[in-house]
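FYI, it's all coordinate maths here, none of it is from the lab. This is a predicted model, so every value here is computed, not measured. Quick reminder, even Gly has a Cβ in these numbers, built from the backbone with ideal geometry, and neighbours come from all protein chains shown.
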């Protein structure tokens with residue numbers, strides 16, 4: 001296709017150049033030949049009148065018009081009138097019936113177009129018209145035509161190069177996509193050897209897309225394994241408890257144990273469904289203006305009794321006007337999960353700091369404990385489903401708390417940072433501040 005496109009452009013350039021040159025040549029020849037024919041017709045009229053007016057006319061025209069020259073000769077070729085003498089030796093044919101030769105004009109030799117007419121008595125009249133300026137214009141036209149053709153040739157070559165580049169890149173993308181389809185290997189990436197073209201930008205976006213798909217597929221496999229691992233223990237215990245009840249009278253405590261195991265399994269599935277719903281953004285219709293100060297105080301009030309059991313106290317510091325656009329229930333769940341983790345991992349007699357402030361266009365919420373913290377290599381992993389770090393394996397939970405926290409944060413376009421508090425963990429959340437004037441937009 002690129003070769004065909006190049007050939008068509010090259011033919012177009014050649015045809016255009018030919019017509020420019022040919023049209024220019026025909027145009028100046030037509031005007032020149034018409035002017036010469038007028039002179040010949042006038043001379044023929046004078047010849048037919050037989051009043052001897054040809055020579056005076058030639059002399060008069062030569063004096064009046066410097067671009068016209070004549071040679072009037074008898075049938076033997078002897079000069080009877082005019083200024084062309086002697087007859088030029090180098091005569092060229094321009095077209096049928098029109099000749100050209102050079103004559104001395106002052107200190108310069110200039111080109112003349114010539115037509116010869118023979119009268120009935122055998123005498124001849126040669127009418128020459130100066131075409132020096134016309135030839136100069138024609139030469140400029142030819143140079144312009146060559147320039148146009150050269151530029152078009154450059155366009156052809158550049159177009160061919162671009163076409164070849166685009167086609168090769170598209171074929172490369174198609175080949176990688178085909179390999180991924182055939183092998184299922186999502187680790188393959190498109191090669192990028194430049195940064196200036198749109199296809200390289202597209203390749204970079206597609207690589208990010210493939211990387212995201214690979215991560216999601218990896219997460220799916222990991223979640224499946226984690227579900228199987230985390231549910232195996234309660235299901236095995238549930239089966240053992242049910243099997244142990246064979247042949248014995250049932251008591252309420254037996255039923256309570258079975259219900260507790262079933263509730264644990266259901267809680268895991270409910271948490272997964274809740275995270276999936278949040279990640280899909282299905283609760284975006286519940287977004288309204290939310291006062292984070294009130295949400296934070298409500299969560300702290302809820303967890304204060306739990307904290308007091310471990311002799312942990314809250315240090316809360318907020319400001320008014322912490323308005324964000326969000327889902328109040330999801331935001332409550334976000335802070336509740338973070339505080340729940342903070343209480344679990346904080347030693348007795350410690351304190352948990354909950355601060356919220358406004359910084360330019362952001363609402364920043366900081367929750368800091370004095371527990372064991374999270375190692376640097378685990379800070380990204382803790383957001384994955386069912387992941388439980390070394391410090392949390394002996395604590396109750398299903399490893400979905402921080403997964404839900406991240407899902408809610410992303411739903412609210414908030415940025416979530418885990419930082420070392422030395423000792424402890426500092427969770428810093430950045431929300432976009434919503435101005436009160438923007439309430440009507442909801």
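Taking the Cβ of each residue in 408, 299 as the centre, tally the other Cβ atoms inside 10 Å and list the residues starting with the fewest.
Numbers: 408 27, 299 24.
Sorted ascending by nearby Cβ count, the order is 299, 408.
Using the number of other C-beta atoms within 10 angstrom as an exposure proxy, rank 402, 259, 80, 103 with the fewest first. The partial results should precede the final answer.
Values: 402 22, 259 11, 80 14, 103 17.
Placing the least packed residue first, the sequence is 259, 80, 103, 402.
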Region 92-128 residues near the modelled residue 37 label - backbone nitrogen below 19 Å, point 7 Å along Cα→Cβ = 94-100, 113-119, 125-128
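Using R₀ = 56 Å, calculate the FRET efficiency as 1/(1 + (r/R₀)^6) where r is the Cβ-Cβ separation of residue 142 and residue 421; round to 0.05.
Details: r = 83 Å, r/R0 = 1.48.
Plugging the Cβ-Cβ distance into 1/(1 + (r/R0)^6) gives 0.10.
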For residue 124 and residue 45, what does the FRET efficiency come to when R0 = 22 Å and r is the distance between their Cβ atoms, rounded to the nearest 0.05?
-> 0.85
How far apart, in nm, are two points set 7 Å out from the Cα along the Cα-to-Cβ line at residue 186 and at residue 109?
-> 8.4
So how much slack lies between residue 90 and residue 380, counting 0.36 nm per residue of separation and subtracting their Cα-Cα distance, in nm?
-> 95.1 nm
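Using r as the Cβ-Cβ distance of residue 67 and residue 155, and R0 as 45 Å, what FRET efficiency do you calculate, to the nearest 0.05?
Working: r = 41 Å, r/R0 = 0.90.
Taking R0 as 45 Å, the efficiency between residue 67 and residue 155 is 0.65.
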Restricting to Cα pairs under 8 Å and 6 or more apart, the percent relative contact order of region 35-134 works out to 26
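Shape call for region 293-340 from the C-alpha gyration tensor, a ≥ b ≥ c root eigenvalues: rounded (a/c under 1.5), prolate (a/b greater than b/c) or oblate?
oblate
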